[in-house]
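S.K.: Shown below is the structure under consideration.
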Amino acid sequence: MNDATYSVKDAIKQLPTNIKQSFTRREAGTAEQEQAATVFGNLFLHLHPVRVHANALRPSYTMGLGLISFFLFLILVVSGILVMFYYTPSTELAYRNMKDLEFAVSFGIVLRNIHRWSAHAMVAMVFLHMCRVFYTGAYKAPREFNWVIGVCLLLVTLFLSFTGYLLPWDQLAFWAVTVGSNIASYMPWIGDKIRFLMLGGNEVGQMALLRFYVMHVALLPLVAVVLVGVHFWRIRKDGGLSRPTEE
Amino acid sequence: MQLARKEEIFAKDGNKTYSLMAIVEGESLHVERGPENTVQTWPHLMVRELLLFLVVLLAILGVSLLFNAPLEEAANPLHSTNPAKAPWYFVGIQELVSYSAFLGGILVPAAIVVGLLLLPYLDRSPKGIGVWFSADRKLANTLFTVFVVAMVVLIFIGQFLRGPNWIIRWPW
Amino acid sequence: MESGSSNVTALPLKAAGEAADENRRGFVKKFTLSALLLGIGGSVLQFGRFLKPNVLYEPSQTFKVGELSKFPYGSRTVIEGRGIEIVREKDGIHAVSLVCTHLGCLVKPVDNDSEIGYACPCHGSTFALKGEVLGGPAPKDLPWYEVYVDNSGTLVVDTSKVNQKRTKLVV
Ligand code: HEM
Ligand code: FES
């Protein structure tokens, strides 16, 4: 073993390079190798394969609808966490918190708007994405199960939006959720029990607000993240995006 | 069940072990494009994705600066709003519920969810993958379009045509 | 591999002991699986009860609405915040729910109408003076709740008990 000499002086000189290299875990290679390493060397990017079929890039094929849904979800997570700093799930305070966001918090109204409009947009985009998948026959073998996961994602998206609807505790929220929870109670046999569990009581009150809050900020987003992860992983496992058979 | 016959290009010799030693550059028949018409994910796909993200972010930001999210009076359990509407994506269901609670509240939503979940297991024909509105799938496309149009029409009626006392009226 | 074996003459593949062995393994496997399922499923179901609150911080479902004298003959009095109306007629008193049986909006009593007693603003259900459905999407009549007079002469309504027979309280 030959003793290389390590000197502090050299270490300081190479500090930026070494930090960068330890961060990117990358060594020099050909251009293609480096491009490949960018993707597979990154936990988040490696959901993508290193090379993708040209068809996946055609905007007219996917219309980017799934991706737009995902981006909206990201925007919702960030804006939602920020809005949480000013929100209390209490029937006494919730509405006042909304007013504070509107009038007293810097950019509070903008963040609330972002959160609300992205939520509406996400429901619409997820639905359109489903239509795209249907009309391109992309749910057929071997992608059947990814469609099933997709349907679960559609339901989670709807529930996320619905639970969020109650949180401002205004007239719109209160009566929409009263009406919505009563629709659930029409289920045969278990309808009333489901409504009771959903609201944590007989009426839309403090317990209902708290339950909707927990579902909205913890449970459902967690489920959504896991399902989205599986959804993306399966796209890779199923051989990338669907495409016409080549002649 | 019949298994597809696997084509062995290089039959394995049971007495040897195999491993990938190196990838060498070679000349393929695909000039100026990767094997099987693929491209590098970075930069070709990633750059497009990032651009799309920017567009989405700007659109949402623009809308949020221009329009305020609705906030009505504080919740008051003593006074129903007139009319009381569910969020827009459930208004179609609510419209059905106002004809018949069981039909609209339970039967139709359950049928939609179960139908969607089973769809890929009912439609087994491999025809028409990867093509928009494939002519091989006229029936499927028609049925799905009927479903989508019905949803949109119901939501439109519920959201825009239903006024106070749930009476049909023109929105203008 | 498996598909090629069809034209091979079958050899006695397993000794009798082996088959019994396999049998036993299958049993142990099934037994373990069902035990696991029962255990985990059972505890999950039991813990599901955690989600059902035992104490409700809601206004009690049994409450006083006031002295009898506050409800003269021929009066219909809405009790604000309770979603009921006290109706007193010559032949007795009853408490009718004002929560629409369709989707839970509050119905409005209609005055000066010989037929329609209540109308729902939400989806237009109408109810007769005694609460029977007249029109609209409501599937059931407005329920009547149990009423009684306590020993201090105060009228008490219990909204947890529906007066199925629609009997009036005679005082
Ligand atoms: C939170 C909701 C969802 C997100 C974030 C999401 C995201 C994505 C993304 C990014 C893709 C890649 C292709 C593209 O952008 O179109 C994709 C593909 C796919 N999605 Fe979704 N999706 C969601 C909901 C759904 C729903 C509701 C369905 C159907 C019921 C579905 C079924 C599929 C299928 C089958 C593919 C593969 C398509 C192909 O191979 O061409 N997804 N999804
Ligand atoms: S809630 Fe009364 S008619 Fe729908």
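The values are calculated or read from the model by the stated rules, or taken from the named source; none is laboratory data. Computed from a predicted structure; not experimentally measured. Positions of Cβ are backbone-derived with ideal geometry, glycine not excepted, and every protein chain shown enters the neighbour counts. The protein model used for the area step is the full one, side chains on, heavy atoms only, and it has no ligands, DNA or RNA in it. Shrake-Rupley method; radii C 1.70, N 1.55, O 1.52, S 1.80 Å.
S.K.: Taking a threshold of 20 Å on the Cα-Cα distance, which of the pairs C:90/C:161; C:64/C:168; A:193/C:108; B:85/C:161 fall above it?
M.R.: Distance filter (> 20 Å) returns C:90/C:161; A:193/C:108; B:85/C:161.
S.K.: Oh, and also: As an exercise, take the mean of 1/r over every pair of distinct alpha carbons in the protein assembly as shown, invert it, and state the Kirkwood radius in angstroms.
M.R.: Final number for the Kirkwood radius of the protein assembly as shown is 29.6 Å.
S.K.: What is the extension gain from residue C:35 to residue C:132, computed as 0.36 nm multiplied by their sequence separation minus the C-alpha to C-alpha distance, in nm to one decimal?
M.R.: On the way: separation 97, 0.36 × 97 = 34.92 nm, distance 5.24 nm.
The residue C:35-residue C:132 span can extend by a further 29.7 nm.
S.K.: For an R0 of 25 angstrom, estimate the FRET efficiency from the Cβ-Cβ distance between residue B:156 and residue B:68 and round to the nearest 0.05.
M.R.: 0.60
S.K.: Where the centre of each part is set by its Cα atoms, how far does the stretch B:130-170 sit from the stretch A:54-105, in angstrom?
M.R.: One Cα centre to the other: 27 Å.
S.K.: What accessible area per residue, rounded to a whole number of Å², is obtained for chain C using a probe radius of 1.4 Å?
M.R.: Heavy-atom accessible area per residue stands at 66 Å².
S.K.: At R0 = 56 Å, how high is the FRET efficiency between residue A:24 and residue B:133 if r is their beta carbon distance? Nearest 0.05 is fine. Write out the running numbers ahead of the final one.
M.R.: On the way: r = 44 Å, r/R0 = 0.79.
So the FRET efficiency works out to roughly 0.80.
S.K.: Still on this model: To the nearest 20 debye, what is the magnitude of the charge dipole of the stretch B:91-166 about its Cα centre, counting +1 on the Cβ of each Lys and Arg and -1 on the Cβ of each Asp and Glu?
M.R.: It works out to roughly 160 debye.
S.K.: Take the alpha-carbon centre of the stretch A:165-207, take the same for the stretch C:26-96, and report the distance between them in whole Å.
M.R.: The stretch A:165-207 and the stretch C:26-96 have Cα centres spaced 13 Å from each other.
S.K.: Over all distinct alpha-carbon pairs, what is the Kirkwood Rh of chain A in angstrom?
M.R.: 21.8
S.K.: Students sometimes get this wrong: rank B:95, C:22, B:49, A:92 by accessible area, probe 1.4 Å, all chains present, largest first.
M.R.: Result, largest first: A:92, C:22, B:49, B:95.
S.K.: For the stretch B:91-166, what's the radius of gyration and Dmax over Cα atoms, in angstrom?
M.R.: 15.6, 50
S.K.: Compute all pairwise cysteine Cβ distances in the protein assembly as shown, then list the cysteines with no distance under 4.7 Å to another cysteine.
M.R.: Isolated Cys, the protein assembly as shown: A:131, A:152.
S.K.: How far apart, in nm, are two points set 7 Å out from the Cα along the Cα-to-Cβ line at residue A:194 and at residue A:34?
M.R.: Using points 7 Å along Cα→Cβ, the separation is 5.7 nm.
S.K.: Given the whole protein assembly as supplied and a 1.4 Å probe, what does the accessible area of residue A:34 come to in Å², nearest 10?
M.R.: We get 70 Å² for residue A:34.
S.K.: Next up: Would you mind computing, in nm to one decimal, how far apart the modelled labels at residue B:21 and residue C:70 are, each placed 7 Å from Cα along Cα→Cβ?
M.R.: For residue B:21 paired with residue C:70, the spin-label model returns 9.8 nm.
S.K.: Starting from the coordinates of the alpha-carbon atoms of the stretch C:11-57, obtain the Kirkwood hydrodynamic radius over all distinct pairs and give the value in Å to one decimal.
M.R.: Result for the stretch C:11-57 stands at 14.0 Å.
S.K.: I would also like to ask the following. Give me, ordered by chain and number, the residues 5 or more places off residue B:80 or on other chains with an amide H under 5 Å from its own placed amide H.
M.R.: Those qualifying (amide H under 5 Å, at least 5 residues apart or on another chain) are C:106.
S.K.: Pop a pseudo-label 7 angstrom from the Cα along the beta-carbon direction at both residue A:107 and residue B:51 and give the gap in nm to one decimal.
M.R.: 2.7
S.K.: Just tell me how shielded B:93-101 is by partners: mean number of partner chain Cβ atoms within 10 Å of each residue's Cβ, no decimals. Don't skip to the end; give the middle numbers.
M.R.: Numbers: counts 2, 8, 1, 2, 8, 9, 2, 3, 12.
Per residue, the number of nearby Cβ atoms from other chains is 5 on average.
S.K.: Follow-up. Once you have the alpha carbon radius of gyration of the stretch A:2-47, what is it after dividing by 2.2 N^0.38 Å, with N set to its residue count? Before the final figure, lay out each step's value.
M.R.: Working: Rg = 14.2 Å, N = 46, 2.2 N^0.38 = 9.4 Å.
Compared with the compact-globule rule of thumb, the stretch A:2-47 sits at 1.51.
S.K.: What's the longest piece of chain C with no exposed chymotrypsin sites (Phe, Trp or Tyr not before Pro), counting a site as exposed if DSSP puts it in a loop and it has at most 10 other beta carbons within 10 Å? Present the calculation step by step, with values, prior to reporting the outcome.
M.R.: Values: sites that count: C:57, C:73.
Looking at chain C, C:74-171 is the longest stretch - no exposed chymotrypsin sites (Phe, Trp or Tyr not before Pro) with at most 10 other Cβ atoms within 10 Å.
S.K.: While we're looking at this one, here's another question. Let's test the formula: R0 of 25 Å, r as the Cβ-Cβ distance of residue A:230 and residue A:81. What FRET efficiency results, to the nearest 0.05? Kindly include the intermediate steps, with their values, before the conclusion.
M.R.: Values: r = 23 Å, r/R0 = 0.92.
That pair, residue A:230 with residue A:81, gives E of 0.60.
S.K.: Could you work out Rg/(2.2 N^0.38 Å) for the stretch C:62-162, with Rg from alpha carbons only?
M.R.: Relative to the 2.2 N^0.38 Å estimate, the stretch C:62-162 comes out at 1.05.
S.K.: In whole Å and largest first, what semi-axes does the C-alpha gyration tensor of chain C yield when each eigenvalue is scaled by 5 and square-rooted?
M.R.: Working: eigenvalues 874, 103, 34 Å².
With the √(5λ) rule applied to chain C, the semi-axes are 66, 23, 13 Å.
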